[in-house]
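Chemist: Next up is a structure, given as C-alpha cells.
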Amino acid sequence: MIPYLLRRLVYLGPVWLGISFIAFALSSLSPGDPARLTLQRQLDRQPTAEEVTRARQDLGLNDPFAVRYVQWVGQAVTGDLGTSYRTGEPVLGALLERFPNTLRITLLGLGGAVVVALPLGVMAAVWRNSPLDHLSRIVSLLGASMPSYWVAYLLILLFAVRLHMLPVAGRGTWQHMVLPATTLGLATSASLMRLTRSEMLEVLGQDFVRTSRAKGLGPRAVVVGHALRNALIPVVTVAGMRFAGLLGGAVIVETIFAWPGIGKFVLDSIFDRDYPVIQGFVVFMGTVFLLVNLVVDLSYGLLDPRIRLGHR
Amino acid sequence: MVRDRDPFQSALTRRHALRLAGLTAGAASLAVSSGGLAAQAASLAQGTTGGELVVGAPQDGYRNEPNRANIGMFPLNSNVFESLVRLTPDYQVEPLLAESWEFVEPNTWRFTLRQGVTFHDGTPFTAEAVRWSMGRIAATGGGVLGVDENSTVVVDDFTVEITPTRPNRRLPQQLNHPNNSIVAPNTEPAETRVGTGPFREVEYSREDQYVVEAFDGYWGEAPGLSRITFRFIPDATTRVLALQSGEVDLIYEVPRESAGDLPSSGDFTLATSEVGAYEALYVNIHGAEPYDLGQDPAIREALAYAIDKETIVSGVWQGNAEISNTMIPPGILGPAADTITGTTFDPDRASQLLDAAGWVPGDDDVRTKDGRRLTLTMIVGFPNADIHRPMPEFVQAQLADVGIEMEIVQTPDTASYEERLTTGEGDLWAEAGSQNDGNPCFLPDLLFTTPVPDGDPESTAYGRAFAPGADFDAHIEECRSAVSTEEVQAAAAAAMKVLIDEQFVVIPLAGTFRLFGVASKVTGFEAHPSGVNQRWAGVTVTE
C-alpha cells in the first residue's frame, strides 16, 4: 500500500503542473484588463492611461507569459498563490478562510446523500419491482432532473416560508446548513441511489452470492457482507467525484442561501478579473480533486481485498 | 407485476414498510421540532419591541483595505457615518456636518462646520476630522474630488478649506457620496468604524451581517429604531422569501417580476423611490464597418421613434419605472429637465425617415441600401445582462416592425462588455446606470465628451464610440465651470438635449425606481432614489 501511495503521490506532480498551466493560460486569455479594473476599484474613479501603465508594470502584466507563469508556479509550490487584486488579501488565506464553509455543507450534503441512497438503493435492488423500488426510481429520477436552484427555492418555500421550521438563508446555527446541504445532496443521492441499485442487481446475480446463500448465510450477511461490498467500488468512485464536484460547484447554492463559501468569492473574482484568485482557486480545487481521487483509489483496497495495491 | 424468484425480493412486507415510514417520520419530526423551536426562539429574539429592524440587503460590497475601507458607508449606507453634505431625495444638496459653504476664487471651497457634534467614541467633531478624512481619500489618488495631501487646510476648529488639485466646482455635489464620509481622526475604517451618524456599529461579520444600534449622543433628531441588523442576502428571490417568512422586515432591490405580488397578501408593501436610475441605449456614431450604420443620422432618429417606451415600462419594468426623456434622473436637472423633449413612439415616422434615407424594405421586410442590409448589433452587459431582460427582445421585435434587423449579443460580465466597447464592436449599447451624487454632469461628462490624448481609458472608449462633438463638449465645459445650481442644471440639460433631441446618440428607455419590500409593521420608511444614500433615522417598527 505504501509504495502505491508514494507512486501515486509522484504522479500527482505532472497532473498538478498541467492544471496550473491551464489555469494560468485561461485566465490570461480572458478579456478585460485587470490593472484598470483594480485601479477603478481602488481609486473610485477612472484611472489615467499613465496610472494603468504603471499598474500593469507593478503587477508584472507586461512580462512575457512564460516568465509570469514560471514565477507564479515557483511561488505557488511554496504555498504563495499571490495577493488578490480586488481585496488585497493573500489568495491562499482567502481561499482557506472560506473553504471550510463550503466543505461543511458539502460534507453534510454528501453524507446525507450516502445515508439515504445506499440503503434505498440496496433495498430497491433486493426487492426489485416492489412498490419501494418503483418509488425509489421515481424519486431518484426527479432528484436527478430538478435543477439545484429550483430545488433550493422549493425547500425555502416549504420549510422556511410555509412551515417556519428552518431559516431562509444566512449562517450561525446548524439549522442554517440544512437547506443548502439538502439541496446539494439531493441530486447526488438520486444518482447514487440509481447506481447502487444497478450495481447491487448485477452483483446479486453473480455466482459467489449464490454460493454464499448455499452455505447457509442469512440474507443480511449475504447482502451487506458480500454483495454490497462488491457493489460499492463504483459507488465510492462516483461519490468521490461528486464530492469534489460539489466543492467546486456550490456557487449557485451558496448564492441562494447567502452562504459565505468559496464559490461566491471566486465568482466575484471572475467578474473583477482578479487573476491571482481565479488561478489560485483552480489550482486549489485541482489539488483537492487529486487528493479526493487518491483517497478513493486507496479505498478500493479496503473494499476489495483482491486488489493488492502494493504488489502491482 | 413480474416478480423475481429471488427470496430476498419477496421479503418486503407491510411491517417493513411501516417501520421505514416510522423511522423516516420520526427523523423528520425530530429535525422539524428542534428547527422549529430554534426558529421561534430566533424570531422572538429578533423581536420588534424597542424598534429593532432586520433588513435584507444585497451582497456585501464593502472593501476593507487600509485607506480604502468603506465598511458601513458604501454601497450599503448604514448611517454610521455622515458626509459634510447630504443628498435629498430630489437630488438637492443640503447641509449635514457642514452648515454652509462658499466658493473662493480661484479653486477653493470653504466649509463652516456644525458645532456640538461628537463621534461615537466621544471625540468632538472638528475641522481636523475633515482633514484626516480627506487625507484618506488623497492617499488613494484623490477620487473624483481630486484632492491631494495638501488640499485640505484647517482654518480653525470649525472652518476648513478644500482646494482640489484641478479646477472642480462640483465639489459640494460630489461630497455627499458616502465614500466621502467623515471618519474620526486617527481611526481607520478597515479596523474600527467611528462616525458621527445616528447609528453606531455593533458588529460587522463579513458577507453575513452588519449590526448597528442607535447612538445616544447623536446631534440630530434621535433615531426611531434601537437597532438595525443588515443581513447580506445576495439573491433577490431569496430576499423576497426571507421577507415573506418574517425573517427580515425590509428588503432592498425587489425583483420587478415579484413587485406586483408583494402587496397582495396585505402583510407587505412595496416602497418605491422617485426615479434614481435609468435604462438607455447608446448608439455608436463613430464605428468602423460593419458597425458604422450609427453614423447615419436618419437611422439614429428612426431608432428613437421606432421604440415604444411605454411598452418597455409596462412590459419589461412591469410599471415600476416611468417613461423618461432624459438619461439621468430628471429631478437632478430641476426645471431645466423640461427643455429636453425626447421622442414619442411613432413607427410611421421612423419608416418615413428610413425611406427618405434610401433604406427600402427587401423581400424579407428587412431594409437594404446599396445591397447592404440594415442589421444592427445590440451589446447587452452593463452592469450585467440579467438586469436588462427582456428589454432586448422587446426592442428587437419593435425594430423589426420598421424593417430593422437586430442581433443581440450578451456579454457575461462588465469586463467583457468594456473590452468590446474598447474595440467598438457593436451598434447599440444597452446600459443601466444610477445617479449617486448631486453632480448632474457626472455621467454625461464621463461617457460622452470627446476623448483627449492620454485621457482615461474607459472615458476614451465611450468617447470614441459616442462623443457627439463640439456642441456637447461646450455645454460640459459650462457645466464644469458653473457655480450656481441653476447654471449647472441648465448646462447639463443643454448637453443632454444634444445627446437625445439633436444627435440621437442616447435613446432613454426608462427612468427606474428603487424597489423595497416592506413589512406592514415598519413605518416611516422613505425610499431614496439613490440607493446608497438611504436614511434610516426616521424609520420605526410597531407591533
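The values are calculated or read from the model by the stated rules, or taken from the named source; none is laboratory data. Values in this document were obtained by computation on a predicted structure and should not be read as measured data. Cβ sites come from the backbone with ideal geometry, for glycine too, and all protein chains shown count toward neighbours.
Chemist: Taking residue A:137 as meeting all but one of (1) under 23 Å from residue A:260 (Cβ atoms); (2) modelled with pLDDT under 95, write down the number of the exception.
Modeler: With respect to (1) under 23 Å from residue A:260 (Cβ atoms); (2) modelled with pLDDT under 95, residue A:137 is out only on (1).
Quick grid of which residues meet (1) within 11 Å of chain A (Cβ to nearest Cβ); (2) surrounded by fewer than 18 Cβ atoms within 10 Å (Cβ to Cβ):
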{"site": "B:403", "(1), (2)": "no, no"}
{"site": "B:407", "(1), (2)": "no, yes"}
{"site": "B:417", "(1), (2)": "yes, no"}
{"site": "B:440", "(1), (2)": "no, no"}
{"site": "B:443", "(1), (2)": "no, no"}
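Chemist: Let me ask another. Select from region B:457-495 the residues that are within 14 Å of another protein chain (Cβ to nearest Cβ) and among the polar types (S, T, N, Q) and write down the one among them that is nearest to residue B:339 (Cα to Cα).
Modeler: B:459
Chemist: Keeping to region A:66-95, report how many residues are within 20 Å of residue A:270 (Cα to Cα) and either hydroxyl-bearing (Ser, Thr, Tyr) or without any contact (Cβ under 8 Å) to a residue 40 or more places away in the chain (or both).
Modeler: The number of residues fulfilling the criteria is 10.
Chemist: Considering only region B:277-373, give the helices (runs of 4 or more DSSP H) lying wholly within it that have at least 2 residues that are at pLDDT below 95, under 30 Å from residue B:87 (Cβ atoms) and assigned by TED's automatic domain parsing to the domain that holds residue B:495. Break it down stepwise before answering.
Modeler: Values: elements: B:297-306, B:330-333, B:347-356.
In region B:277-373, the matching helices (runs of 4 or more DSSP H) lie at B:330-333.
Chemist: Select, from B:103, B:74, the only residue that is in a loop (DSSP other than H, G, I, E, B), touching a residue at least 60 places away in the same chain (Cβ under 8 Å) and aromatic (Phe, Trp, Tyr).
Modeler: Unique residue meeting the criteria: B:74.
Chemist: Quick test for you: out of B:480, B:464, B:389, pick the one residue that is basic (Lys, Arg) and modelled with pLDDT of 90 or more.
Modeler: Details: B:480 fails: modelled with pLDDT of 90 or more; B:389 fails: modelled with pLDDT of 90 or more.
Exactly one of B:480, B:464, B:389 is basic (Lys, Arg) and modelled with pLDDT of 90 or more, namely B:464.
Chemist: Check region A:96-110 and report whether any residue there is among the β-branched types (Val, Ile, Thr), loosely packed, with under 15 Cβ neighbours inside 10 Å and either without any contact (Cβ under 8 Å) to a residue 40 or more places away in the chain or more than 9 Å from every other protein chain (Cβ to nearest Cβ) (or both). I'd like the intermediate steps shown before the answer.
Modeler: First pass over region A:96-110, keeping only residues among the β-branched types (Val, Ile, Thr): A:102, A:105-106.
In the following step, the residues that additionally are loosely packed, with under 15 Cβ neighbours inside 10 Å were identified as none.
Checking region A:96-110: not a single residue is among the β-branched types (Val, Ile, Thr), loosely packed, with under 15 Cβ neighbours inside 10 Å and either without any contact (Cβ under 8 Å) to a residue 40 or more places away in the chain or more than 9 Å from every other protein chain (Cβ to nearest Cβ) (or both).
Chemist: Still on this structure, please answer the following. Looking for something under 25 Å from residue B:501 (Cβ atoms) and outside any strand (DSSP E or B) - is there at least one such residue anywhere in region B:374-381?
Modeler: Yes - at least one qualifying residue is present in region B:374-381.
Chemist: I need the helices (runs of 4 or more DSSP H) fully contained in region A:150-253, keeping only those with at least 1 residues that are touching a residue at least 24 places away in the same chain (Cβ under 8 Å) and more than 14 Å from chain B (Cβ to nearest Cβ).
Modeler: A:175-204, A:228-248
Chemist: Could you tell me whether any residue of region A:31-50 is loosely packed, with under 14 Cβ neighbours inside 10 Å and touching a helix residue (DSSP H, G or I) at 6+ places or on another chain (Cβ under 9 Å)? Full working, then the answer.
Modeler: So the first thing to find is which residues in region A:31-50 are loosely packed, with under 14 Cβ neighbours inside 10 Å, and the list is A:50.
From the residues that got through so far, the ones that are touching a helix residue (DSSP H, G or I) at 6+ places or on another chain (Cβ under 9 Å) too are none.
Checked region A:31-50: no residue is loosely packed, with under 14 Cβ neighbours inside 10 Å and touching a helix residue (DSSP H, G or I) at 6+ places or on another chain (Cβ under 9 Å).
Chemist: Against the conditions (1) of a type outside the set (Phe, Trp, Tyr); (2) surrounded by fewer than 23 Cβ atoms within 10 Å (Cβ to Cβ); (3) at pLDDT 95 or above; (4) within 21 Å of residue B:74 (Cα to Cα), where does residue B:226 fall short? Just the number, please.
Modeler: Of everything listed in (1) of a type outside the set (Phe, Trp, Tyr); (2) surrounded by fewer than 23 Cβ atoms within 10 Å (Cβ to Cβ); (3) at pLDDT 95 or above; (4) within 21 Å of residue B:74 (Cα to Cα), residue B:226 misses just condition (4).
Chemist: Quick check: is even one residue across region A:127-147 in the same structural domain as residue A:219 (by TED's automatic domain parsing), within 23 Å of the chain's Cα centre (by Cα) and closer than 21 Å to residue B:235 by Cα?
Modeler: The answer is yes, given that some residue of region A:127-147 is in the same structural domain as residue A:219 (by TED's automatic domain parsing), within 23 Å of the chain's Cα centre (by Cα) and closer than 21 Å to residue B:235 by Cα.
Chemist: With the requirement that a residue be over 22 Å from the mean Cα position of the chain (by Cα) and crowded, with 18+ Cβ neighbours inside 10 Å, what does region B:501-529 give you?
Modeler: B:503, B:504, B:505, B:519, B:522
Chemist: Kindly indicate whether residue A:260 is part of a loop (DSSP other than H, G, I, E, B), buried (at least 19 other Cβ atoms within 10 Å of the Cβ) and either in contact with a Cys (Cβ under 8 Å, 6 or more places away or on another chain) or not β-branched (Val, Ile, Thr) (or both).
Modeler: It is true that residue A:260 is part of a loop (DSSP other than H, G, I, E, B), buried (at least 19 other Cβ atoms within 10 Å of the Cβ) and either in contact with a Cys (Cβ under 8 Å, 6 or more places away or on another chain) or not β-branched (Val, Ile, Thr) (or both).
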